[in-house]
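Asker: A single structure is presented below for examination.
The values are calculated or read from the model by the stated rules, or taken from the named source; none is laboratory data. Because the structure is predicted, anything quoted here is derived from the model rather than measured. Quick reminder, even Gly has a Cβ in these numbers, built from the backbone with ideal geometry, and neighbours come from all protein chains shown. Please note that ligands, DNA and RNA were not included when accessible areas were found on the heavy atoms of the full protein model with its side chains. Shrake-Rupley method; radii C 1.70, N 1.55, O 1.52, S 1.80 Å.
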Amino acid sequence: MSTLSIRGVKKNYGGTQVLHDVDLEVSEGEFVVLVGPSGCGKSTLLRMIAGLEDITEGDILIDGKVVNAASPKERNIAMVFQNYALYPHMSVRQNIGINLQIAGLPKAEVEKRVLDAARVLNIEPYLDRRPGQLSGGQRQRVAMGRAIVRDPAVFLFDEPLSNLDAKLRVQMRSEIKALQTKTPRTSIYVTHDQTEAMTLADRVVIMNAGRIEQIGTALEVYSRPANIFVASFIGSPAMNIFPSTLSTSDVGPAVELGDARVRLPEGSSGKGDVLVGLRPEHLLLDPEGPISARVLYVEPMGAQTQLAVEAGGRELVVVCAGTTVPSPGQDIRLKVDPNLIHIFDPASGRRL
């Protein structure tokens, strides 16, 4: 295992800057996920780590050594691609061991490493098949096996599950998590799927427009988003965000929501215009709640139900547990734990 450092990295294509002063430190054995919308620069950054893209400015270090000018081969990295990148005319056994054979390892050592990887990934029965005889999930396991046998300094994953159906994605996520727990490897994983990011990562790196917006554990970025972008990007359904006024009342600091004043946590301060963030799952049905609302429509989702409600002239999303829920047109009341209310500066978008 190795460490990975990204320091002040920039990337320009002609006159267009697509990465801006990116800094990131990855510890030995840490699984870091880069997540963000399409075009945010996450795949470009991954390709720069791999040596497939030149660095305009800044440094990338592996185990403290600058590798800006090193070729992909010299960096001792292994990359798992979105499209598997398997040789169709070779067997699974040959696909997994091809790089070891090219490196000149003895045949017995190649076979041992291939069998060990196949055992870990549960693909031993398929070693003599060709990729065309495998399912998408099995092919992705083969691609991962080809990376594992090399025992590289850093593993790079470029949206490896995006071509799989929903059920297979869930299964592969679990297998990747189990593999990382059993044998930790320094890894950078790129995805646009926040569920993948939150379930797999030791730390999540949220990117937007070529910049890192926040780095933290899944719980940290969910519970304390650094700004409006992170707050609205992380979580499904997205956080309710709306303008309000913060002031001090007889119950302490509070914000307005229609005809209600919703109390904030003790120690909150300030006054004036703010943006309020409420996660749908934190708005709870309560006949004694301070927030009055009317149900606009209902979306059953099995164990949960999603409501669209109008409260104080604003449309909010509410997520209810269970199957007994209000009907469209029904008047309801809601409450929220003050500690779960998020306040942002309307000018900068930063958390207050």
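Asker: I need every pair where a residue in segment 128-139 that is touching a residue at least 12 places away in the same chain (Cβ under 8 Å) has its Cβ under 7 Å from the Cβ of a residue that is charged (D, E, K, R) and outside any loop (DSSP other than H, G, I, E, B), sequence separation at least 6 or different chains.
Answerer: Pairs that qualify, where the first residue is touching a residue at least 12 places away in the same chain (Cβ under 8 Å) and the partner is charged (D, E, K, R) and outside any loop (DSSP other than H, G, I, E, B), are Asp128/Arg93; Pro131/Arg139.
Asker: Additional query: Any idea which of (1) part of a loop (DSSP other than H, G, I, E, B); (2) more than 24 Å from Met198 (Cα to Cα) is the one Gly58 doesn't satisfy?
Answerer: The failed condition is (1).
Asker: Here's something else I'd like to know. So, in segment 198-227, exactly how many residues are surrounded by 16 or more Cβ atoms within 10 Å (Cβ to Cβ) and more than 23 Å from Lys167 (Cβ to Cβ)?
Answerer: Pass one, segment 198-227, residues surrounded by 16 or more Cβ atoms within 10 Å (Cβ to Cβ): 198, 200-208, 210, 212-216, 218, 221-222, 225-227.
Those still in the list that are more than 23 Å from Lys167 (Cβ to Cβ) too: 202-208, 210, 212-216, 221-222, 225-227.
Adding up the residues that qualify gives 18.
Asker: Check Asp63 against each of (1) of a type in the set (D, E, K, R); (2) under 24 Å from Thr199 (Cβ atoms); (3) surrounded by fewer than 20 Cβ atoms within 10 Å (Cβ to Cβ) and name the one condition it does not meet.
Answerer: The number of the failed condition is (2).
Asker: Within segment 228-248, can you find the residues that are open to solvent by 10 Å² or more (accessible area, probe 1.4 Å), touching a strand residue (DSSP E or B) at 6+ places or on another chain (Cβ under 7 Å) and farther than 20 Å from Leu334 by Cα?
Answerer: Those that are open to solvent by 10 Å² or more (accessible area, probe 1.4 Å), touching a strand residue (DSSP E or B) at 6+ places or on another chain (Cβ under 7 Å) and farther than 20 Å from Leu334 by Cα: Ile228, Phe229, Ser232, Phe233, Ser247.
Asker: Do we find that Val35 is in contact (Cβ under 8 Å) with a residue 24 or more places away in the chain and over 22 Å from Pro184 (Cα atoms) in this structure? Spell out the reasoning first.
Answerer: Numbers: in contact (Cβ under 8 Å) with a residue 24 or more places away in the chain: yes; over 22 Å from Pro184 (Cα atoms): no.
Answer is no for this residue.
Asker: Moving to a separate point now. Kindly provide the set of residues from segment 97-117 that are over 29 Å from the mean Cα position of the chain (by Cα) and surrounded by 16 or more Cβ atoms within 10 Å (Cβ to Cβ), ordered by number. I'd like the intermediate steps shown before the answer.
Answerer: Here is the first cut: in segment 97-117, the ones over 29 Å from the mean Cα position of the chain (by Cα) are 97-116.
Once the filter is applied, which keeps residues that are over 29 Å from the mean Cα position of the chain (by Cα) and surrounded by 16 or more Cβ atoms within 10 Å (Cβ to Cβ), segment 97-117 yields Gly97, Ile98, Asn99, Leu100, Leu105, Val110, Arg113, Val114, Leu115.
Asker: Quick one: which of Thr195, Thr181 is on the phi < 0 side of the Ramachandran plot, out of contact with any helix residue (DSSP H, G or I) (no Cβ under 9 Å at 6 or more places or on another chain), among the hydroxyl-bearing types (Ser, Thr, Tyr) and surrounded by fewer than 16 Cβ atoms within 10 Å (Cβ to Cβ)?
Answerer: On the way: Thr195 fails: out of contact with any helix residue (DSSP H, G or I) (no Cβ under 9 Å at 6 or more places or on another chain).
Answer to the selection: Thr181.
Asker: Residue by residue through segment 66-96, note down the ones that are open to solvent by less than 20 Å² (accessible area, probe 1.4 Å) and within 17 Å of Phe155 (Cα to Cα). So that I can check it myself, show each step before the final result.
Answerer: Within segment 66-96, the first condition is being open to solvent by less than 20 Å² (accessible area, probe 1.4 Å), and the residues that meet it are 67, 75, 77-78, 80, 91-92, 95-96.
Val67, Arg75, Ile77, Ala78, Val80, Ile96 - these are the residues of segment 66-96 that are open to solvent by less than 20 Å² (accessible area, probe 1.4 Å) and within 17 Å of Phe155 (Cα to Cα).
Asker: Kindly indicate whether Ser135 is farther than 29 Å from Ala166 by Cβ and among the polar types (S, T, N, Q). Break it down into steps so the answer makes sense when it comes.
Answerer: Numbers: farther than 29 Å from Ala166 by Cβ: no; among the polar types (S, T, N, Q): yes.
So Ser135 fails the test.
Asker: Turning to a different aspect of this structure: Please verify whether Asp158 is crowded, with 16+ Cβ neighbours inside 10 Å and modelled with pLDDT of 90 or more, treating the condition exactly as stated. Walk me through how you get there before you give the answer.
Answerer: Details: crowded, with 16+ Cβ neighbours inside 10 Å: yes; modelled with pLDDT of 90 or more: yes.
It is true that Asp158 is crowded, with 16+ Cβ neighbours inside 10 Å and modelled with pLDDT of 90 or more.
Asker: Take Val120 and decide whether it is open to solvent by less than 10 Å² (accessible area, probe 1.4 Å), β-branched (Val, Ile, Thr) and within 28 Å of Thr3 (Cβ to Cβ). Spell out the reasoning first.
Answerer: Numbers: open to solvent by less than 10 Å² (accessible area, probe 1.4 Å): no; β-branched (Val, Ile, Thr): yes; within 28 Å of Thr3 (Cβ to Cβ): yes.
No.
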